[in-house]
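Undergrad: This is the structure, below, for whatever I ask next.
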Amino acid sequence: MADCVFCKIAAGDIPAKVIDRGDGVVAIEDLNPQAPTHLLVMPVEHFATLRDVALGPDGDALVAEMIDVASRLGSDRGGERGFRIVVNTGADGGQTVGHVHLHVLAGRAMSWPPG
């Protein structure tokens, strides 16, 4: 999508600190971290929401790849103490960029409820 900031990051048109990149998924550092480790894991292809990914072609595989990358990075950066993966969907869910992405948070204790 031409005006999507995450599509531009995935394409390399906007600089970002890339932590991991595969064929279908890219992980970057969040510009406004909410924890000592705050990464964003997103598909390279544009999907507005997680549901859109799941319903798309090869959706199960792409969702699995996103979770795999997020889990691996969370484990690497959260270690035995743990980590949190968050997916915000829609305005009421706190989604501020219309390109699905998983937040990976680690490096501090997380509270509940989150907000």
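Undergrad: Considering only residues that are among the charged types (D, E, K, R) and in contact (Cβ under 8 Å) with a residue 24 or more places away in the chain, which ones fall in the stretch 2-38?
TA: Residues of the stretch 2-38 that are among the charged types (D, E, K, R), as a first pass: 3, 8, 13, 17, 20-21, 23, 29-30.
Within the stretch 2-38, ASP20, ASP30 qualify.
Undergrad: Just to be sure, is ILE9 out of contact with any Ser or Thr (no Cβ under 8 Å at 6 or more places or on another chain) and modelled with pLDDT of 95 or more?
TA: Criteria not met by ILE9.
Undergrad: Give, as residue ranges, the strands (runs of 3 or more DSSP E) completely inside the chain that count at least 3 residues that are surrounded by 15 or more Cβ atoms within 10 Å (Cβ to Cβ) and touching a Pro at 6+ places or on another chain (Cβ under 7 Å).
TA: Correct list: empty, since no element meets the threshold.
The values are calculated or read from the model by the stated rules, or taken from the named source; none is laboratory data. These figures come from a predicted structure and were not determined experimentally. All Cβ positions, even for glycine, are placed from backbone atoms using ideal geometry, and neighbour counts span all protein chains on display.
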